[in-house]
Each structure stands twice: as C-alpha cells, then as structure tokens.
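Here is the structure we will look at.
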Amino acid sequence: MWTVTRFDEIDSTNAALKRMVDAPHGTVLSASRQSAGRGRLGRSFSSPHGVYFSVLLRRTEPPTELLHLTAMTAVAVRRAILDACGIATEIKWVNDILLCGKKLGGILVEGCDGRYIVGIGINCNTDPNDLPPDVQAMAATIVCDEARLISALVARLREMDELLLSARAQWMAEYAANCVTLGKPVQLVRADERTEAFALGVDENAALLVRYADGQTAAVSSGEASVRGLYGYL
Ligand code: BTN
C-alpha cells in the first residue's frame, strides 16, 4: 500500500523521509516548495515551486544489484510526465530529465541498509524568475496539473518497483533510446579533472560506455563521474 502525504513547504522531502526511520515501503512525501532541496554530489537543488517528490523503497537485494535504480527511475519519471502532461522529455545520463535540451528535473537516490529514498524534483508550474540566474539559464519548466503529475509518478514508480529486476533489459533499452548523451562527444567530470570521450551506450548497471581519444573503451559509473557536453550543458 503506497501512501502520499503532501506539504506546501518542507526542508527536503528526501531528508524528511530519512528521518522517518519506521516508514513502510511505498511512503511518499511530496511538497510544492523546499527550503533545503538536495541535489547530487552534495549540491543544493533550487526548489522555489514545483513537484518535489520522494518515495521510500525497502529492498532486500544487495546494493550491487540495484545500480540501475536511478536510470529506471528516470524512465518512470519520463513516462509519468508523458502520461500526466502529454510532454515527451529526454534523459541526460544519468539522472537528469530534459526538455528541449534544458533541465526540467533531476533524481537523487539515497540509500543504505535496504532503505532507498528515491527523490525527484520537477520544475512544474515554476516561475523561472524564482530560480537562481545560473540555474535559470539551463532550466526548463512545464505547466501541468500537479495532482495529476503526482498520481502519475506514483503509478509509474510502483510499476518500476515491481519490474525492477524482471524487466531491467527492456527499461534500460528505453533509457538508452531516450538518452541524449549517447552518440555524442562528452567531457567526463571527476572532481577537478575533465576527460574528453565519446559516449557509446549504457550497460545493464547504467554505467556509461565510453571511448577515449586513444581508442580505449571503459564503463564509467555515475558515482565516478558526471558528464558535460563539449559545447555547454548538454
Ligand atoms: C539533481 O539534479 O542533482 C538531483 C535533484 C533531486 C531533487 C529532488 S527534489 C525531491 C527530493 N528532495 C530533495 O531534497 N532532493 C530530491
């Protein structure tokens, strides 16, 4: 049984769910505004108004079997936005949801000891002027009924949770088909180091398969590096 609690404002739906140590599988917190939204790599996530959504998944598999969770979440989010708003989005490896090449949303999965908090932020009915200038420059927003989008997220994430292991190949194929990073030159960003490479594909663990300038190939995990396009955000 999944339950949804909605807030006008909260610090962070991920942080709040983390504090709810006894919350059952399928507990969803959703807020219209976050005062301390969190992004990947310890960054903050600007959350002036939008759909900020987290669900707790209690999974017993070893973490090494769930490396594709963020990627499958991206597919679920993409499907939910299509269902609720009729808008087809794209995915930037590994966790960004894009519209027309700009960032519409992001995913932050935080987990340990079988408790995985899947956090999703979508710029829905967001006034771009409320975003910081550096974020605004690369942000996309949509106009959509928020309750409908939240229901669609619940439906698509439940589906993902059920199929997480059994339909992995199909979902990862859908991920790859909608991932704008693939088939392009990219910069791999690791701490202060940037390396140019060509993005060939994603493997079943959602690692990015790349070819370096010297012809060597490698699988790069999202914990190891993020990507930038050679000419800007994409
Ligand atoms: C990123 O793009 O770096 C990931 C952003 C994830 C933001 C969502 S909003 C709901 C949940 N609560 C948070 O504090 N972060 C995630």
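Here are some notes:
- Which numbered condition A191 fails, given (1) at positive phi; (2) modelled with pLDDT of 95 or more: (2)
- Across region 84-105, the qualifying residues are those that are open to solvent by 20 Å² or more (accessible area, probe 1.4 Å) and part of a strand (DSSP E or B), and the one among them that is nearest to the ligand (Cβ to nearest atom) is K103.
- V4 of a type in the set (V, I, T), touching a residue at least 40 places away in the same chain (Cβ under 8 Å), open to solvent by 60 Å² or more (accessible area, probe 1.4 Å) and in contact with a strand residue (DSSP E or B) (Cβ under 7 Å, 6 or more places away or on another chain): yes
- Region 106-129, subset in a strand (DSSP E or B) and modelled with pLDDT under 95, residue surrounded by the fewest Cβ atoms within 10 Å (Cβ to Cβ): C112
- Residue list for region 37-53, restricted to those being near the ligand (Cβ under 10 Å from one of its atoms), surrounded by 13 or more Cβ atoms within 10 Å (Cβ to Cβ) and outside any strand (DSSP E or B): G37, G39, R40, F45, S46, S47, G50
- With respect to (1) outside any loop (DSSP other than H, G, I, E, B); (2) open to solvent by less than 50 Å² (accessible area, probe 1.4 Å); (3) within 9 Å of the ligand (Cβ to nearest atom), the lone exception for L56 is condition (3).
- Residues in region 59-83 that are part of a helix (DSSP H, G or I) and free of Cβ contacts under 8 Å to residues at least 24 places away in the same chain: T64, L82.
- Yes/no for A15 being under 25 Å from S226 (Cβ atoms), free of Cβ contacts under 8 Å to residues at least 60 places away in the same chain, of a type in the set (A, V, I, L, M) and not in a strand (DSSP E or B): yes
- In region 98-114, the residues that are free of Cβ contacts under 8 Å to residues at least 60 places away in the same chain, over 11 Å from the mean Cα position of the chain (by Cα) and closer than 21 Å to T27 by Cβ: G111, C112, D113, G114
- Annotation note: Cβ proximity below 8 Å between a residue of region 180-209 that is assigned to a loop (DSSP other than H, G, I, E, B) and a residue that is open to solvent by 60 Å² or more (accessible area, probe 1.4 Å) and not aliphatic (A, V, I, L, M) (sequence gap 6+ or interchain) occurs for V180/E90; K184/F198.
The values are calculated or read from the model by the stated rules, or taken from the named source; none is laboratory data. These numbers were taken from a predicted model, which means no experiment stands behind them. In this analysis, Cβ positions are derived from the backbone assuming ideal geometry, glycine residues included, and neighbour counts consider all displayed protein chains. Note: areas computed on protein heavy atoms with side chains; ligands, DNA, RNA excluded. Shrake-Rupley method; radii C 1.70, N 1.55, O 1.52, S 1.80 Å.
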